[in-house]
Amino acid sequence: MNEHDISDEYIDAAVQRMLTEDDEISEQGIEVVWHGGTVVLRGQVECASRREAIEARVLARFPDRRVCNDISVTAVREPAEPEVLS
């Protein structure tokens with residue numbers, strides 16, 4: 001079965017599996033929802049390039065599906081000063 005044979009009711013699971021099993025993406029923290037004819041991607045990643053890479057991979061693997069990328073970027077930085085516990 002190829003990507004073009006996947007029915008709408010299973011597309012979210014197929015995308016989720018692809019994101020998890022892809023060696024370059026390996027992303028388990030993205031929620032995938034099939035809504036109104038569109039694959040909706042939700043979650044958080046550490047940088048914009050990762051967000052874009054996930055969307056590009058989904059579009060490349062499922063070119064006949066619309067994709068809405070609602071993944072947000074959360075910057076992870078070292079604290080400016082050490083935390084003092086009392």
### Residue in region 36-44 that is touching a Phe, Trp or Tyr at 6+ places or on another chain (Cβ under 9 Å) and either among the β-branched types (Val, Ile, Thr) or touching a residue at least 24 places away in the same chain (Cβ under 8 Å) (or both) present
yes
### Task
Answer yes or no: is there a residue in region 34-41 that is closer than 17 Å to Ile6 by Cα, hydroxyl-bearing (Ser, Thr, Tyr), in a strand (DSSP E or B) and touching a strand residue (DSSP E or B) at 6+ places or on another chain (Cβ under 8 Å).
yes
#### Entry: Selection status of Ser26, on the phi > 0 side of the Ramachandran plot, outside any helix (DSSP H, G or I) and surrounded by fewer than 16 Cβ atoms within 10 Å (Cβ to Cβ)
yes
### Message
Which pairs turn up if I take residues in region 65-83 that are touching a residue at least 40 places away in the same chain (Cβ under 8 Å) and look for partners that are assigned to a loop (DSSP other than H, G, I, E, B) and of a type outside the set (Val, Ile, Thr) with beta carbon separation below 9 Å, at least 6 apart in sequence or on another chain?
### Response
Arg65/Gly37
### Message
Which count do you get for residues in region 44-66 that are within 12 Å of Leu19 (Cβ to Cβ) and surrounded by 17 or more Cβ atoms within 10 Å (Cβ to Cβ)?
### Response
5
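We did not get these values from a lab; they are worked out from the coordinates using the rules stated. Treat the numbers as computed from the prediction; the structure is a model and nothing was measured. So basically every Cβ, Gly included, is an ideal-geometry build from the backbone, and we count neighbours across all protein chains shown.
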